[in-house]
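The values are calculated or read from the model by the stated rules, or taken from the named source; none is laboratory data. Predicted model, so just to flag it, every value in this text is computed and none were measured. No Cβ is skipped: glycine too gets one built from the backbone with ideal geometry, and neighbour counts run over all protein chains shown. When the accessible area is computed, the model is the full protein with side chains, heavy atoms only, and any ligands, DNA or RNA have been set aside. Shrake-Rupley method; radii C 1.70, N 1.55, O 1.52, S 1.80 Å.
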Amino acid sequence: MKIKLLLMTLALAVNGITTSRAQEILPFPPTPSASTAGLSMQDSTYKKRETPQRLPKDAPNILIILMDDSGPALPTTYGGEVHTPTLDRVHNSGITYNRFHSTAMCSPTRASLLTGRNHTRIGNGQIAEFANDWDGFSGIIPKSSATVAEVLKSYGYKTGAWGKWHNTPAEMTTSAGPFEFWPTGYGFEYFYGFLAGEASQYEPNLVRNTTIVHPPKTPEQGYHLTEDIANDAIAWLRDQQAFNPDKPFLMYWAPGAVHGPHHIMKEWADKYKGKFDDGWDNYRERAFTRQMKLGWVPEGTKLTERPDTLAAWDSIPEEERDFQRRLMEVFAGFAEHADHHAGRVIDEIEKQGKLDNTLIFYIWGDNGSSAEGQNGTISELLAQNGIPTTISQHIKAMNELGGLDVLGSPKADNMYHAGWAWAGSTPYRGTKLQGSYFGGTRQPMAVSWPNKIKHDETMHPQFHHVNDIVPTIYDVVNIDLPQVVNGVTQIPLDGISMAYSFADAAAKGQKQTQFFDIMGSRGIYHDGWFAGVAGPRIPWVPGRPDIANWDPQKDTWELYNIDQDWSQANDLAQEMPDKVDYMKTLFIAESAKNKNLPIGGGLWSIVLHPEDGPATPYTEWTFSGPIVRMPEFAAPKIGKFNNNVTIQVTVPDDANGVLYALGSFSGGLACYVKDGVLSYEYNLFEIDRTHIKAKEKLPTGEVKIEVETRLLDKSPGSPAQVTLKVNGKEVATGKVPITAPVAFTANDCLDFGSDFGSPVSLDYFDAAPFKFNGTLGTSTIKYVE
């Protein structure tokens, strides 16, 4: 080991890294024995080795709370109408930053937050499900950018993460790994949560460390994911108190709330009944008035206008308003519920007497409020699939399932109207997915550390970014960025420490430049100025943009003096063309440095070339017996490609159960047997269900079942003809009018022999997972031309 360390030290010196930094090679080498061994024990001297103390004795515990898809005008803490007592608590015991920023999207923000680097520089310019082969959009955090968990673990911290991860390539999320890109491969000794970008809060596909696990309860028994990850985090804290009481901890607690689907129990949604009856335009006015009164935004801030492409509340037909109101009530209850359970984690830290020396970063959102629900929906992935619908279709489907109370329940993957997202972004323009506007990027952050930070009600206005959290942690823990981690030379950090401003709200901001870009919606901050361009997509407008003919060099840029124009209300571009040119040049320079080229590269596999998106390399699969929990993005695409599914089964007299199912109740397909009859359902996001059933019961004994799917044209969402065969004979056929061109779900799975998670079909919803009571032999799936 000593020779290896010497060789690594020499290698560092050759690369221009001085030997004075050699101790910053992680992991640290084992402490050598302090004993002297002779030929016999009588000739030997025994002395117990002493492991060097690599951390200050008062090194703080660290808790990062990261909410999901939540805008700045939502929490009551800062002028909103969603009750957030835990955010109040952190703010009231510490400080708040009101010019803190994300990247405007999930995976990019999380990668930047955990590493201290810019999102595209570390391959995360797009979410994991739509990654591609451009360096800045690969979806893989390189090992040259060690996470804060990897570094702190080597220094002696205990590390754990809970909830949403979303930084593992989608095709690598099966139970077979590879696990080096899972949380435990990035320094977290413990993980419990989900790897995808979203999950059902009632029936999630969960991971504990590297094992796929089922939720501990059913929805009927009261299960909810946010409560589950709080319970688990509390149990972990108690284990640390029992087994490692002298070691500090790093906790990363990131619930799926309030990302869609908006799932919450009725009693939480009912807390907000009637509170939003006057619509999003009025909400925005009320929130802005309170923000000004609280000093959350400075005097002189202007309330930006509603975009022409976004509906006014007054334009919503009366017969649709109850639906739109309830969607917001459900969202608000979901958000309050998440804040409540964050508080339970803090309560446990306090009970253990550790709260005074715990540094808490409570970040209200990995991006701004999400407008991806577009016009309001009972099944959110309709929009991502580009399938046009009317609100009357949603209301009809909802009423068939039980009316307004279905919203928030396991029978809907609802998401609110983009107007509510815009209201949640008050006073700013824009929403999630817009790197050009602060409605997409500006997130409230409260910071508490009772031992070192005194409460200050004054807002801290220094311009900062999620990439500044890791440098801040290294600064307060008094460690340097290691030069080598696990044998890999590290690239420098992009962020800077914020600790200079902890005690001084009036401190001059030290961050000079920060670029933003999400799928061509882009901008650059530099020394009090911001220039940006909205890009080719508007998140709340249905349909797919014409990316093939988009030329980013012809985009019209906007310019704002944000030290004087807090909300980007006064575009100075026409008055100051030279300044615009300077900022555009600076943006290109930052893009080149940070692998953010080509501009709009994140759109490649989501719009231009879906065939280049994350997928397994296979075109044929063989399964022996039942299989469970094969994530949809790693599974055969049997809902959108021509394919044959063949299943060898032994059919009993009273045959019942699922043969295979892909997706969930909010969208999916299933082949199953009910009362002996072979059936197939294509569930188009609850809006339309195609049922294909045989007329006679299956024969008993050894049976070969075939399901043939053929698309009828080459367009996205093409109709498909589905044919069922038994022992080579056609028994039923039918036409699916529209197929899902992208995916049914982000977190549900393919199962053979059952339908775990959220059941696809109403035919067996109450009997789920509806295990097949016969015997499944060999099953094959094959793509065909």
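Residues of region 509-525 being out of contact with any Ser or Thr (no Cβ under 8 Å at 6 or more places or on another chain) and either free of Cβ contacts under 8 Å to residues at least 24 places away in the same chain or of a type in the set (Phe, Trp, Tyr) (or both), which ones?
Residue satisfying the conditions is 512 alone.
Testing residue 647 on (1) of a type outside the set (Asp, Glu); (2) touching a Leu at 6+ places or on another chain (Cβ under 6 Å); (3) buried (at least 24 other Cβ atoms within 10 Å of the Cβ), one condition comes back false. Which one is that?
Just one mismatch for residue 647, condition (3).
I'm trying to understand the selection: among the residues of region 130-148, which are among the charged types (D, E, K, R) and in a loop (DSSP other than H, G, I, E, B)?
133, 143
Look at residue 487 and say whether it is open to solvent by less than 10 Å² (accessible area, probe 1.4 Å) and among the small types (Gly, Ala, Ser).
no
Identify the single condition in (1) free of Cβ contacts under 8 Å to residues at least 24 places away in the same chain; (2) open to solvent by 20 Å² or more (accessible area, probe 1.4 Å); (3) out of contact with any strand residue (DSSP E or B) (no Cβ under 8 Å at 6 or more places or on another chain) that residue 223 does not satisfy, given that it satisfies every other one.
(2)
Test of understanding: among 232, 239, which residue is open to solvent by 10 Å² or more (accessible area, probe 1.4 Å), out of contact with any Ser or Thr (no Cβ under 9 Å at 6 or more places or on another chain) and without any contact (Cβ under 8 Å) to a residue 24 or more places away in the chain?
239 is the lone residue from the list that is open to solvent by 10 Å² or more (accessible area, probe 1.4 Å), out of contact with any Ser or Thr (no Cβ under 9 Å at 6 or more places or on another chain) and without any contact (Cβ under 8 Å) to a residue 24 or more places away in the chain.
Consider residue 301 carefully, then state whether it is among the hydroxyl-bearing types (Ser, Thr, Tyr) and either over 28 Å from the mean Cα position of the chain (by Cα) or at positive phi (or both).
yes
Hey, does region 494-509 have a residue that's assigned to a helix (DSSP H, G or I) and surrounded by 20 or more Cβ atoms within 10 Å (Cβ to Cβ)?
yes
Conditions (1) open to solvent by less than 10 Å² (accessible area, probe 1.4 Å); (2) not in a loop (DSSP other than H, G, I, E, B), marked per residue:
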site: 393; (1), (2): no, yes
site: 411; (1), (2): no, no
site: 419; (1), (2): yes, yes
site: 428; (1), (2): yes, no
site: 431; (1), (2): yes, no
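Go through 642, 656 for me and flag whichever is open to solvent by 30 Å² or more (accessible area, probe 1.4 Å), at pLDDT 95 or above and under 23 Å from residue 736 (Cβ atoms).
642
Quick one: is residue 312 in contact (Cβ under 8 Å) with a residue 24 or more places away in the chain, within 27 Å of residue 419 (Cβ to Cβ) and open to solvent by 10 Å² or more (accessible area, probe 1.4 Å)?
The answer is yes for residue 312.
Given the conditions (1) at pLDDT 95 or above; (2) over 30 Å from residue 771 (Cα atoms); (3) among the hydroxyl-bearing types (Ser, Thr, Tyr), report the number of the one that residue 605 does not fulfil.
All conditions pass for residue 605, except number (1).
If you check 556, 585, 622, which single one turns out to be touching a residue at least 40 places away in the same chain (Cβ under 8 Å), open to solvent by 70 Å² or more (accessible area, probe 1.4 Å) and hydroxyl-bearing (Ser, Thr, Tyr)?
622
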